[in-house]
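Data first, discussion second: the structure below is written as structure tokens.
FYI, it's all coordinate maths here, none of it is from the lab. For clarity, every value in this text was computed on a predicted model and none was experimentally measured. Here the Cβ is made from the backbone with ideal geometry for all residues, glycine too, and neighbour counts use every protein chain on show.
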Amino acid sequence: MKSASGCHEERLSCDARREVLWKTLCEACFQRLVPSEACVLELGAGYGYFINHIRCNRRIAVDKWPGFVRYVNSDVIAHVGEVTDLSFIADSSVDFVFASNLVEHLTQGEFAVVLEQLQKKLKPGGTLNLLQPNYRFAYKEYFDDYTHVAVYSDRSLVDYLESHGLRVIDCRPRFLPLTVKSRLPVWPFLIRLYLRLPYKPMAKQMLVRAVFE
């Protein structure tokens with residue numbers, strides 16, 4: 001039987017193209033949302049593509065895969081565990097929470113537990129930032145990943161968050177393509193150009209940002 005670590009590395013191997021993508025996304029998009037003195041928490045950090053490139057005062061990363069600690073920078077606080085248990089984080093200490101391609105792997109009950117804890121961990125005005133497949137546009141590929149257990153479109157995710165006490169401050173139904181595994185080159189200047197386009201061809205991932213009321 002394969003270990004959890006082996007399964008993770010087999011299904012989601014470290015990819016230099018994702019490194020380029022996330023470095024550029026942080027520089028061109030997410031960094032302006034994160035003050036230099038902020039504390040940033042990433043849930044489901046994986047290979048650390050986001051948390052390693054965001055600049056702030058304090059960085060925390062959580063993932064249940066033990067191998068992820070080898071990939072995050074040495075100044076990142078790396079915690080191995082379920083995202084449903086954030087008891088190791090002080091209340092009202094986090095400014096910016098980020099998760100990419102995570103909540104579709106959680107049951108709605110598990111997601112509710114995460115939100116309940118984040119309400120305590122976020123400072124007033126702190127934001128939850130979710131990037132993930134939008135079922136409205138990615139329905140053909142959505143369940144090619146057998147670990148997907150919940151279905152969200154931009155509309156249903158907004159409704160779910162609002163039903164749990166959050167106010168959505170930004171919803172971009174088409175933000176990024178579903179994958180970097182295509183014939184298109186992954187070059188920083190093309191990524192920056194794509195982010196500026198009013199209409200984004202092939203975009204099947206959404207970005208939703210929200211705050212607790």
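Brief remarks follow.
- Among the GluC sites (Glu not before Pro) found in the range 20-118, those both in a DSSP coil and sparsely packed, with 12 or fewer other Cβ atoms within 10 Å of their Cβ, are GLU37.
- Gained length - ILE77 relative to GLU141, 0.36 nm times residue gap less alpha-carbon distance: 19.7 nm
- Value of relative contact order over the chain, rounded to a whole percent, pairs C-alpha under 8 Å and six or more apart: 19
- In this simple spin-label model, placing a label point 7 Å from the Cα along the Cα-to-Cβ direction at both GLN119 and THR179 gives a separation of 3.7 nm.
- Using the Cβ-Cβ distance between LEU197 and ALA90 with R0 set to 35 Å, the FRET efficiency from 1/(1 + (r/R0)^6) comes to roughly 0.30.
- All other residues whose Cβ lies under 10 angstrom from that of CYS56 are scored, Lys and Arg at +1 and Asp and Glu at -1, for a net of +1.
- Chain lengthening between ARG55 and LEU33 when straightened (0.36 nm per residue, less Cα-Cα): 6.9 nm
- Alpha carbon Rg of the chain, scaled by the compact-globule rule 2.2 N^0.38 Å: 0.97
- Pairwise FRET efficiency - ARG172 versus ARG17, Cβ, R0 = 22 Å, nearest 0.05: 0.50
- Within the chain, longest stretch free of exposed chymotrypsin sites (Phe, Trp or Tyr not before Pro) [DSSP loop, at most 15 other beta carbons within 10 Å]: 1-87
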